[in-house]
1. Can you tell me the orientation of helix 293-306 relative to the chain, as the angle in degrees between its alpha-carbon axis and the longest Cα principal axis, to the nearest 10?
2. Once a ≥ b ≥ c are taken as the square roots of the eigenvalues of the Cα gyration tensor of the chain, is the result rounded (a/c under 1.5), prolate (a/b larger than b/c) or oblate (a/b not larger than b/c)?
3. Once you list every other residue whose beta carbon is under 14 Å from the beta carbon of residue 310, what net charge do they have if Lys and Arg are +1 and Asp and Glu are -1?
4. For residue 197 and residue 71 in the same chain, what is the full-extension length gain: residue separation times 0.36 nm, less their Cα-Cα distance, in nm?
5. Is the shape of region 244-341 best called rounded, prolate or oblate, per the rule: a/c under 1.5 gives rounded, else a/b larger than b/c gives prolate, else oblate, with a ≥ b ≥ c the square roots of the Cα gyration tensor eigenvalues?
6. Please list 3J(HN,Hα) in residue order for region 166-174, calculated via the Karplus relation 6.51 cos²θ - 1.76 cosθ + 1.60 where θ = phi - 60°; whole Hz, with x for glycine and proline.
7. May I ask for the angle, rounded to the nearest 10°, between helix 189-200 and the longest principal axis of the chain, with both axes built from Cα atoms and the value confined to 0 to 90°?
8. Suppose the chain between residue 360 and residue 257 were pulled fully straight at 0.36 nm per residue; how much longer would it get relative to their current alpha carbon spacing?
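The values are calculated or read from the model by the stated rules, or taken from the named source; none is laboratory data. These numbers were taken from a predicted model, which means no experiment stands behind them. We place every Cβ from the backbone using ideal geometry, glycine too, and count neighbours over all the protein chains shown. When the accessible area is computed, the model is the full protein with side chains, heavy atoms only, and any ligands, DNA or RNA have been set aside. Shrake-Rupley method; radii C 1.70, N 1.55, O 1.52, S 1.80 Å.
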Amino acid sequence: MTDVRTGPIQSTFNSTPQTGMQQAPEHLFILFGATGDLARRKLYPALLRLWNEKRLPNKFALLGIARRPYHHDSFREQIRQAIEEFAPSAMPVAGDWQAFLERAYYCSADATKPEDFPAVASLVKKLEAEQGIPTHRLFYLAMAPELFAPVADQLQASGLTDLGDAPVENDRQAPWKRLIIEKPFGRDRTSAEILNQALRRVFAETEIFRIDHYLGKEMVQNIEVLRFANALFEPIWNHRNIASVQITSSETVGVEERAAYYDKAGALRDMVQNHVLQMVMMMAMEPPSRLKVEAIRDEKVKVLRSLRTLKEEEVYQHVVRGQYRGGSMWGQAVQSYRKEPGVQPQSSTETFVAARLFIDNFRWTGVPFYLRTGKRMATKATEIVVQFHNMPNHLYFNPEGQLQPNLLSIQVSPKEGISIRINAKQPGTDAVVVPVVMDFCQQTESPEAYERLLLDAMHGDATFFTRWDEVQLAWKFVDPIADAFTDHRLPLEPYAAGTWGPAVATQLPVAEGYQWWPLSTQTHEEGLLHEPI
Ligand code: BG6
C-alpha cells in the first residue's frame, strides 16, 4: 500500500478534565502494605494528586500499616521520598506538602499476626475521634493476595468492620466500610470462589472494590462514550459493518523484579483474564438501559456469557503462547526470560499470549476478536483497532479490489486518542484513491488510573471496578486455556525479545484473510501508517 499522507487531518479533544470528579466524602484511608511497591509507585502519587486538586476532604487521614518499625514522622519521610522518586511532578508547594504529610499516620503491624490487630483498631478509633472523621473506613490491601482473606478476618475480629448503630445527624454521616483489593483474584475459578466466600463473610459484594487499573484509564472509559454518544459509530457497531477487532497490549519490559509472582502467573492470568477481557467487554457490550452502576456492569457480564468457551482442541486452533528469548532492544542485548533473576531455568511460563475469540450473540456473530499481549515486545502500547468490511470490488475506482479497509483505532496508552482511516482521492489525480488518517489526540493531561479509581471508591462508585460475576466468568473462559497450557499440550513458542511475538501469532488473523495492523505509535515512528505487518 502506498501511503500518501499530505498531512493528517488533526484535531484534539477539547475537554475540560475531571469535571465529574467531585470532592471525596470524609474518611479514613487504611492502607495495608504501606511500604510496598504499589503504595510507593501508584497510591501515594494518586493520593497526593487528589489532594493537590482539592478532591480530598478536610476530614481525611491516611493510616499506613506495614511491618517496618516506622513512626508517623519516618513514614511521612518515606512518602516524601516515594513522591520524589516516582511522581516529582505531583509535588505541591511547601505549605500544602506539609499539610498533606500531616494527614499520614503509621502503625507497625504484621498482617499475619492476629495479636497485632487490636493496636491497629485502637489507632483507627483514636484518629476518628481526634479528627472528627465519621466511621467511613476505606481498607486498601496492597499486599500478597494470600493475605486478603486472613486480613479481612482480622479486621472483623478486631471490630474494625463493625460500624456501630449510633444515630447520625444526616446521610453524609452514615457509617460505611469498603475494601479495595488488587488482582490477582485467585488463580482459577475454584480458588477465586474460595477467596470470594472468605471476603463475603466480612464484606458485602457492594463493599468490595476489585481494582482493574485498565478500567481507570481515560481511553478505556472513553470507549463507552465514543460508542454510545456518536451516531457515527453506534449504528454500525456490529457484524454487518465490522470485520474484526484487534486488541494489543504490548510491553517492552521483561519480568523485572516480579519473577516470584509472574513465573507462577504468566501472561494469560496476568493480563488476559483481567485487563484484556475488560477491554473486550467495553468494546462489545450493549448500551445499558440506565446509566446506573449495576446496569452497566450487567451489560459487561452479558458479553462474558456470550464469549465462546474454547474446548481443549479449539485452544490449539485459536490460542498461541510464547516466551521471550534473548534479543536486542534499544540497541542493547537483553537476556531470555529463563535467565531472568528468580525465574526457573526450565520455566514454561508464557510471557506472550495471542488469541482469537468469538462472541456468540446477534451483534458480534462471526466477528473474530484478536488479542495479543506480552512482555519484551517491540513497543509499549495498548491499542484497539476496529477493521470495517471491504467495499465491493467492482466500483470504478476499485476495479482490482485494491481499496484498503476503513480502520478505527483507539489508542489507550501511551498515546491517548483515536484515529480513523478513510479512503480519499489523491489530490491532483483522476481517481487514485489513497487512505488518509484523521487523528484525534487527547492533549489535556488525563488523571492517572489510580487517581480516578481511588476517588470512585471513596465515593462508593463501583462502575469501573470488577464485579464478582465478571471475575467468575473471566476465569470460566480462561481456565480451559490455562489447562491446555499445562504439560506443554499447547506448544510454547519462542520469540526474540524486541519483536511482535512468535511468528505463528503473526499468522493468527491470516486464516480469515486479515493481518495485525501496526499500532499508531509504530506508524508515526516508522511512517508506515497502518500498513499490514
Ligand atoms: C499489571 C500487570 O496488572 O499491568 C503487569 O501485573 C503489567 O505485569 C501491567 O506490566 C501493565 O499495565 P500498564 O498500565 O503499564 O499497561
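1. On a 0 to 90 degree scale, this one is about 50.
2. On the way: a/c = 1.86, a/b = 1.62, b/c = 1.14.
Judged from the Cα gyration tensor, the chain comes out prolate (a/c at least 1.5, a/b above b/c).
3. Result for the local shell: 0.
4. 41.8 nm
5. Working: a/c = 2.55, a/b = 2.02, b/c = 1.26.
The shape class here is prolate.
6. 5, x, 10, 6, 8, 4, 4, 8, 4
7. 30
8. Working: separation 103, 0.36 × 103 = 37.08 nm, distance 3.97 nm.
Residue separation times 0.36 nm, minus the Cα-Cα distance, leaves 33.1 nm.
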